[in-house]
1. Could you check segment 151-248 for helices (runs of 4 or more DSSP H) lying wholly inside it with 3 or more residues that are closer than 15 Å to Gly34 by Cα?
2. I need the full set of residues from segment 142-169 which are under 14 Å from Gly131 (Cβ atoms), in contact with a strand residue (DSSP E or B) (Cβ under 9 Å, 6 or more places away or on another chain) and either free of Cβ contacts under 8 Å to residues at least 40 places away in the same chain or among the aliphatic types (A, V, I, L, M) (or both), in order please.
3. Determine, yes or no, whether Lys127 is in contact with a helix residue (DSSP H, G or I) (Cβ under 6 Å, 6 or more places away or on another chain) and either among the acidic types (Asp, Glu) or open to solvent by 10 Å² or more (accessible area, probe 1.4 Å) (or both).
4. From Arg192, Arg198, which residue is closer than 19 Å to Leu71 by Cβ and open to solvent by 50 Å² or more (accessible area, probe 1.4 Å)?
5. If Val88 satisfies every condition in (1) at pLDDT 95 or above; (2) touching a helix residue (DSSP H, G or I) at 6+ places or on another chain (Cβ under 8 Å); (3) closer than 30 Å to Ala270 by Cβ; (4) more than 15 Å from ligand 2 (Cβ to nearest atom) but one, which is the exception?
6. Which of the residues spanning segment 83-111 are part of a helix (DSSP H, G or I) and open to solvent by less than 40 Å² (accessible area, probe 1.4 Å)?
7. Please specify each residue of segment 273-315 satisfying the condition of being more than 8 Å from ligand 1 (Cβ to nearest atom), touching a strand residue (DSSP E or B) at 6+ places or on another chain (Cβ under 7 Å) and assigned to a helix (DSSP H, G or I).
8. Taking the condition of being within 13 Å of the chain's Cα centre (by Cα), more than 20 Å from Val158 (Cα to Cα) and of a type in the set (A, V, I, L, M), how many residues in segment 46-85 meet it?
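The values are calculated or read from the model by the stated rules, or taken from the named source; none is laboratory data. These numbers were taken from a predicted model, which means no experiment stands behind them. When we count neighbours, we look across all protein chains shown, and the Cβ atoms used for this are built from the backbone with ideal geometry, even at glycine. Side chains are part of the model used for accessible areas, which takes the heavy atoms of the whole protein and leaves out ligands, DNA and RNA. Shrake-Rupley method; radii C 1.70, N 1.55, O 1.52, S 1.80 Å.
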Amino acid sequence: MAPLLEITDLNVVFQTRRKALKAIDNLSVSMEAGEILGFVGESGAGKSVTGAAIMGLIDPPGYIASGEIKLKGRPVADYGSNLRGKEVGMIFQDPLTSLNPLRTIGDQLTETIQHNLDLSPTEARNKAVAGLGEVGIDPDRFHSYPHEFSGGMRQRVVIALALAAEPDLIIADEPTTALDVSIQAQVLDLLRSVCQKRRASVILITHDMGVISQTTDRVAVLYAGRMMEIGSTSDVIKQPRHPYTKGLIASTPVLDHVSVDSTLPQIPGAMPSLDALPDGCRFHPRCGDCKPRCRTIIPVFEDQIACHLFTGASA
Ligand code: SF4
Ligand code: MG
């Protein structure tokens, strides 16, 4: 059987007046049905661009320069207007971007269900009530407006909306970043359990290794448009190999088991901008393990990692 999602040699370019900037550089990754795959990295790593590419949402001056994205064995473009919603659901950082402030959550959910699933108004309404129940929202709140909910409850509504058309894949882009820390874990647990129950796969985009650790089965670490390391989440968290992955983990409080008042080590420097990418390994100016060849030779991605400490080299 074809994998649920298969991305092969994806290159996404943003054309500026001066030059073409590669936001995604030769990304290949596939995922199985039911899997929760994380994309992690700092801002500018290419996580959201990858999500947008899957959804056909790269707007000019950006474009997919080459590569293939297949869902259930078919190019995503083949799905046309069914791609968003019916095949792939989206959850964004700010729930208010997904909700209409002027309509009750019950109406919004019912309409999405009716529009996508070809049900009678009564059937759609019943399904909407059940969908709210599934995400822990009392049916009494059916006629409430988005502003009458807390941030965490609103994100629950958005999860119900994303699942309403019964997609096989959910892309959740920083779904808990705007929420209080105390609420984050509940919303992530809910996302995980509801998607498992519906047999929907999830791509979880986050800058937070704690979120990755808590929620995902497998994790892909991105840096400046490239995949640096991929593996099962437990392996990567327990035994990170790539220096960038190690840096991300060391700077995450719960994962590094440091006491609260000690200062967490931060990765020195910052992610390079796309128009000023360093030669060789893109991480080399920030890497404590940098060798002379790292400055000139791009490490190939091999055996689930792109780093000269582990792999051969290409020019
Ligand atoms: Fe560090 Fe070199 Fe590995 Fe890049 S290739 S992460 S600079 S050791
Ligand atoms: Mg982003």
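1. 181-198
2. Val158, Ile159, Leu161, Ala162, Leu163, Ala164, Ala165
3. In short, yes.
4. Arg198 is the lone residue from the list that is closer than 19 Å to Leu71 by Cβ and open to solvent by 50 Å² or more (accessible area, probe 1.4 Å).
5. Single failed check for Val88: (3).
6. Pro95, Ile105, Gly106, Gln108, Leu109, Thr110 - these are the residues of segment 83-111 that are part of a helix (DSSP H, G or I) and open to solvent by less than 40 Å² (accessible area, probe 1.4 Å).
7. If the condition is that a residue be more than 8 Å from ligand 1 (Cβ to nearest atom), touching a strand residue (DSSP E or B) at 6+ places or on another chain (Cβ under 7 Å) and assigned to a helix (DSSP H, G or I), then Leu274, Asp275 are the ones that fit.
8. Residues meeting the conditions: 2.
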